[in-house]
Each structure stands twice: as C-alpha cells, then as structure tokens.
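Visitor: Handing you this structure, nothing more for now.
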Amino acid sequence: MSNKEQTLSIIKPDAVERNLDNEIKEMFRNKGFEIVNEKKIQIEKSEAEKFYKVHETKPFYNDLCTYLSSGPIIVMILEKEDAILANRELMGSTNPKDAKEGTIREKYGISIDKNSVHGSDSVENAKIEIDFFFKD
Ligand code: IDP
Ligand code: MG
C-alpha cells in the first residue's frame, strides 16, 4: 500500500554557511524526495526555543537554540513514500562520527551540534514542524 508522507527538513547554519545547500538538495532528489516547499530564513532565538521545546531539559538546549538562530537556514517540506524514515536514514546518526557512509551527516557534518541537517522523527512531529514553519 502506498504511504506517501511529508517531513520537515532543515539545512542548518553550518551547511548553509558552507554553501552546501544545492549538494544536499541533490542528495534528497537522488533518493526520490520531492521538495514541495522551501524557504531560506533566519529565525530568532525565541523561535528556536519553541521549535526545540522537546529538548528544553537537555544540557545542550541553550547552545542548540543559539546555534539554530545564528545564521540563515533552509526549511523544506520533503515528500516521498515513507518520507519520515527515509529522511532519517539519509541524514544518518545525530553524531556525524557514527553516521553511515553516504549519509548527509557523514559527508558534511562537523560535530554533534553542527550536524548540517534536521529531520522530523515521527508522523506527529512532522505535522507539527511543517505547521511551525509553513502555516501562515
Ligand atoms: P536529531 O537531530 O538526530 O533528531 P536530537 O536528539 O533530536 O537529534 O537532537 C536535536 C539536535 O540537538 C541534534 O541534531 C544536535 O544538533 C543537537 N544535539 C543532540 N545531542 C547533543 C549533544 O549531546 N551535544 C550537543 N548537541 C546535541
Ligand atoms: Mg530530533
């Protein structure tokens, strides 16, 4: 049965700064993702705090929110069969050191905090995150 899904992807400041956005988008397209909407924005720290609220008790929360709001990002809605899991697989592990060969984080990630991309982790969160950036 077909299970077309949408997921939210973010090309984070470390990757935008290094002009890796076109290469990363090409990796998505090569895996069959359609980029159905995208925009380049810079967010306020307060917005990053809302976006990453699930992590508010973590020791890295403050640095994470400072970082995500530190420069331009590209937010995208990606669509494909089983997009949420497929995107998590293409991104690779959170820590680029552990990411499998051929994944985005293995190729471009610098460190666990500067790991180049974000991807939704569930159907529920994908809806919330897409609305966060694209509902007007
Ligand atoms: P994910 O991005 O692979 O879903 P999460 O656990 O949801 O990983 O963490 C969100 C983001 O927080 C990560 O992408 C990374 O940038 C940052 N992060 C996660 N764990 C750590 C850590 O131990 N130290 C610093 N930053 C971290
Ligand atoms: Mg996550």
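Read the figures in this text as sums done on the coordinates, not as results from a lab. Note that the structure is predicted; figures quoted are calculated from it, not measured. No Cβ is skipped: glycine too gets one built from the backbone with ideal geometry, and neighbour counts run over all protein chains shown.
Visitor: Residue by residue through the range 1-42, note down the ones that are over 24 Å from CYS65 (Cα atoms) and either part of a helix (DSSP H, G or I) or hydrophobic (A, V, I, L, M, F, W, C) (or both).
Guide: Across the range 1-42, the qualifying residues are MET1, ASN22, GLU23, GLU26, MET27, PHE28, ARG29, ASN30, PHE33, ILE35, VAL36.
Visitor: Only one of (1) in a helix (DSSP H, G or I); (2) within 11 Å of ligand 1 (Cβ to nearest atom); (3) surrounded by fewer than 13 Cβ atoms within 10 Å (Cβ to Cβ) fails for LYS58. Which number is that?
Guide: It fails just one condition, (1).
Visitor: When you go through (1) exposed (fewer than 12 other Cβ atoms within 10 Å of the Cβ); (2) more than 15 Å from the chain's Cα centre (by Cα); (3) of a type outside the set (Phe, Trp, Tyr) one by one for GLU47, which number turns out not to apply?
Guide: (1)
Visitor: Name the residues in the range 43-53 that are in a helix (DSSP H, G or I), without any contact (Cβ under 8 Å) to a residue 60 or more places away in the chain and under 17 Å from ASN115 (Cβ atoms), would you? Break it down stepwise before answering.
Guide: To start, the set of residues in the range 43-53 that are in a helix (DSSP H, G or I) comprises 45-51, 53.
Checking which are without any contact (Cβ under 8 Å) to a residue 60 or more places away in the chain leaves us with 45-49, 53.
Hit for the range 43-53 is ALA48, nothing else.
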